[in-house]
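Have a look at the structure below before the remarks.
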Amino acid sequence: MKSPYGVLLADVVASGRQKRLREILGEALRRASLAHQKKGWIRVPYAITAGDEFQAVVPHLERLPELILDLRRRLRPLNLRLAAGAGAIHGPVRAPVNRMQGEAFVRARQAMDELKSGRLHKYPAFTAFRTGNPILDRSLNLIYGLNDTLLRAATLKQWQAMEAHFQKQSVKGAARALGLDESTVSRRLSRGHYWQIVETAQTVKIVLHSAFSRLPSRRQS
């Protein structure tokens, strides 16, 4: 078996309440596509495939956690459901993404259906994985179920502090950008569970790399 692709399927929660959603989403995804393709996180630009839904192909599964976190912060205040599937993709990987097929797409759709139906957990969650390994899936879905609970609790001021730290990569730089003292920013980061959220992405990246690194690599399409 060759190293699988990742497919990320996303939609906007409560999209009917959002004014000018298609316009706002389209511009945000245009910017995200440029940044994420430059980093090598996605193979083809994001494409809005139906209403408020969009998809991406991720060539390296271990980049999914970084991608999930970056999409959440870039698209705020929109709240996203994000469903990741791992597996083969039939044929060449090229735009448009909605014309490609394979088990990675099937699994991403299954994960999205679980999110929407509420079958995944007994509490609200907005991230799900289907990798073809049930034990791995259960572990990842639990981790992200807990992570989503922390994300949902963050206030606007805490998110502002987290975004500033994402941009500046230091408490001192974030404090300067926000015009606040360092202790205030540090407190908002802690109360917003910033360090747990970042560590989740770092840890799941290691888990995915460990789970799939021994598989032979694919030839790039």
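Read-outs: derived from the displayed coordinates by stated rules, not from any lab. Since the structure is predicted, the reported quantities are computational estimates derived from the model, not experimental observations. With ideal geometry, Cβ positions are generated from the backbone for all residues, glycine too; neighbour counts draw on all protein chains shown.
The calculated FRET efficiency for the pair T49 and T184, based on their C-beta separation and a Förster distance of 41 Å, comes to about 0.45. With a simple spin-label model that places each label point 7 Å from the Cα along the Cα-to-Cβ direction, the separation between A177 and A14 comes to 2.7 nm. Whole angstrom only: what separates the Cα centroid of segment 84-163 from the Cα centroid of segment 1-60? Computed from Cα coordinates, the inter-centre distance equals 13 Å. Couplings for segment 35-51, taken from phi via the Karplus curve 6.51 cos²θ - 1.76 cosθ + 1.60 with θ = phi - 60°, read 5, 6, 5, 4, 7, x, 7, 10, 8, 10, x, 4, 9, 6, 9, 6, x Hz in order; Gly and Pro are left as x.
For segment 136-147, 3J(HN,Hα) computed residue by residue from phi via the Karplus equation (6.51, -1.76, 1.60; θ = phi - 60°) reads 4, 4, 4, 5, 5, 5, 5, 4, 6, x, 5, 4 Hz, glycine and proline entered as x.
Between V171, V106, V58, the residue with the greatest mean-square fluctuation in the GNM of the chain (Cα pairs under 10 Å linked by springs) is V171.
Simple spin-label estimate for H90 and E199 gives 4.4 nm between the two label positions (7 Å along the Cα-to-Cβ direction from each Cα). Projecting label points 7 angstrom from Cα along Cα→Cβ for I135 and V106 puts them 2.4 nm apart.
Dividing the alpha-carbon radius of gyration of segment 22-87 by 2.2 N^0.38 Å (N being the number of residues), what value is obtained? Intermediate values should be presented prior to the final figure.
On the way: Rg = 11.1 Å, N = 66, 2.2 N^0.38 = 10.8 Å.
Ratio of Cα Rg to 2.2 N^0.38 Å: 1.03.
The slack in the chain from L156 to L142, taken as 0.36 nm per residue of separation less the alpha-carbon distance, amounts to 2.5 nm. Out of (1) 53, 40, 37; (2) 51, 41, 30; (3) 57, 48, 29, which label holds the value of Cα extents along the principal axes in Å that was computed here? Label of the calculated value: (1). For N79, the residues whose amide H sits under 5 Å from its own are V13, ignoring neighbours fewer than 5 places away on the same chain, with H placed 1.01 Å from N.
Were the residues from R73 through V207 laid out at 0.36 nm apart, the gain over their Cα-Cα distance would be 46.0 nm. 5 Å is the cut-off here: which amide hydrogens, built 1.01 Å from N in the peptide plane, fall below it relative to Y46, excluding neighbours closer than 5 in sequence? Those lying under 5 Å, H to H, from Y46 are S33. For segment 5-132, compute Rh as the Kirkwood radius over C-alpha pairs and then the Stokes-Einstein diffusion coefficient at 25 °C and 0.890 mPa s; write the answer in µm²/s, rounded to an integer. In µm²/s, the coefficient rounds to 169.
Just to verify a number: FRET efficiency for K116 and I24, C-beta to C-beta distance, R0 = 25 Å, to 0.05? Walk me through the numbers before you get to the answer.
Working: r = 22 Å, r/R0 = 0.87.
Plugging the Cβ-Cβ distance into 1/(1 + (r/R0)^6) gives 0.70.
Comparing R73, R176, R81 in a Gaussian network model of the chain where C-alpha atoms under 10 Å apart are linked, the largest mean-square fluctuation is found at R176.
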